[in-house]
1. Let me spell it out: the conditions are (1) over 25 Å from the mean Cα position of the chain (by Cα); (2) modelled with pLDDT under 80; (3) under 28 Å from residue 226 (Cα atoms), and residue 120 meets all of them except one. Which number is the exception?
2. Which one is farthest from residue 107 (Cα to Cα), of the residues in region 51-66 that are in a helix (DSSP H, G or I) and aliphatic (A, V, I, L, M)?
3. Given the criterion in contact with a helix residue (DSSP H, G or I) (Cβ under 9 Å, 6 or more places away or on another chain), acidic (Asp, Glu) and more than 30 Å from residue 231 (Cα to Cα), identify the matching residue among 278, 300.
4. Among the residues of region 252-276, count how many are modelled with pLDDT under 85, under 18 Å from residue 234 (Cα atoms) and in a helix (DSSP H, G or I).
5. Residue 307 passes all but one of (1) closer than 21 Å to residue 197 by Cβ; (2) modelled with pLDDT of 85 or more; (3) loosely packed, with under 15 Cβ neighbours inside 10 Å; which number fails?
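The values are calculated or read from the model by the stated rules, or taken from the named source; none is laboratory data. Note that the structure is predicted; figures quoted are calculated from it, not measured. Cβ placement follows ideal geometry from the backbone for every residue including glycine, while neighbour counts extend to all protein chains displayed.
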Amino acid sequence: MSERRKTGHDRSGRPADDLLSGSVEALAVLLDAGISPRSAWEYVAAEATHPAVVRAATLVAAGVPPSEALAAAARRGRVGAGSDGMAVRAWRGRVTDGGDGGGDAGVAAVAAAWAVADHAGASLAPALRGAAEALRDRAGAERDIATALAGPRATARLMSWLPLVGVVMAYAIGVDVIGTLVTGPLGWMAAGSGCGLLIAGRSWTRTLVRSAARAGPVSGIEHDLTAIALAGGMSVPAARETIAQVVRRSGLDAVVDSDASVDRVLRIAERAGAPAIELLSAEARQRRRTARAEGRRRAELLAVRLLLPLGVCVLPAFVLLGVVPVILGMMSSTFAGLT
């Protein structure tokens, strides 16, 4: 799988959450206009470019509840262009098995928002607009990270070619690098160590870049879900129980300390007599801003962390593959002249 696919971008380079948020926003508009959910899904899927939206629409057309269809699509259930009966059987198998996890966090967030709104009797359109806003914020964070990573990624690519540059330079001054490296134990040791360090440096660099580029869960989604449940008239204990079930069923990744943060916001609302829904929404937005800043910080730190594989692996590989053959070649020529 390519790095672009791993980091959640489509073929044009746009974050996948951008594509998903557009479809979710369109669903909200159509539902607000009084169009039935099944028809709204049909209209949106006809122009959708996010594959999970197409998969979910196939299940909805087959009679699966939209929240369940989204949860199945989030778990990357393969819903092909076959019959509706086949799609339903695939969905039922996943529900029976309890899902397989590891799915699309953005689609799972939309599935959870739809399910909580259904359970609470809240209006679907505002819930979907909130989910679309969360997805747009997440896509914006991905764009910020990709921009900040452009320089470090280019540096990493250049560093990985440094040993090869050393080999070319050695050949340019007349040193037979391959012949020198394979004609004696010192050459074999230099070649083996240099290649090993080069492979280790590439792997280390890819790991650092992948870690800095990770998208993570949808920040603030637990606050949004609690706000949806309260807007539907649920009590706080009932909202908690419903959200726990929905999160587990949709495969949504939990955010660390989110429950404690929700509790804190609810306590502030109770003591101040302020609207809990607005406070929860404000906290969700703040968490997304924090996640965006954290992503930029990771990307900026990457430029410094890339110095580790450069100093530990790439530069020693350059010496072993580019400089050592020159020294060995000169020593060999000297000894041959003396004899």
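1. Every condition holds for residue 120 apart from (2).
2. Start the filter on region 51-66 by keeping residues that are in a helix (DSSP H, G or I), which leaves 51-61, 66.
Restricting the remaining residues to those that are aliphatic (A, V, I, L, M) gives 52-54, 56-57, 59-61.
Values: 52: 7, 53: 8, 54: 12, 56: 10, 57: 13, 59: 14, 60: 15, 61: 18 Å.
In this case the residue turns out to be 61.
3. Values: 278 fails: more than 30 Å from residue 231 (Cα to Cα).
Criteria check complete, one pass: 300.
4. So the first thing to find is which residues in region 252-276 are modelled with pLDDT under 85, and the list is 252-260, 273-274.
Next, only the ones that are under 18 Å from residue 234 (Cα atoms) stay: 259, 273-274.
Narrowing the set further to residues that are in a helix (DSSP H, G or I) leaves 259.
Here the count works out to 1.
5. The single condition residue 307 does not satisfy is (2).
A quick yes/no check of all residues on (1) loosely packed, with under 14 Cβ neighbours inside 10 Å; (2) outside any helix (DSSP H, G or I); (3) free of Cβ contacts under 8 Å to residues at least 24 places away in the same chain:
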residue	(1), (2), (3)
188	yes, no, yes
192	yes, no, yes
199	yes, no, yes
226	no, no, no
233	yes, yes, no
242	no, no, no
248	yes, no, yes
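Table: residues versus (1) of a type in the set (Lys, Arg); (2) crowded, with 20+ Cβ neighbours inside 10 Å; (3) out of contact with any Lys or Arg (no Cβ under 9 Å at 6 or more places or on another chain); (4) farther than 30 Å from residue 237 by Cβ.
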| residue | (1), (2), (3), (4) |
| --- | --- |
| 127 | no, yes, yes, no |
| 132 | no, yes, yes, no |
| 136 | yes, no, yes, yes |
| 164 | no, no, yes, yes |
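For (1) closer than 30 Å to residue 302 by Cα; (2) surrounded by fewer than 16 Cβ atoms within 10 Å (Cβ to Cβ); (3) modelled with pLDDT of 90 or more; (4) in contact with a helix residue (DSSP H, G or I) (Cβ under 8 Å, 6 or more places away or on another chain), each residue gets a yes or a no:
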position	(1), (2), (3), (4)
66	no, no, no, yes
91	no, no, no, yes
98	no, yes, no, no
116	no, no, yes, yes
139	yes, no, no, yes
150	yes, yes, no, no
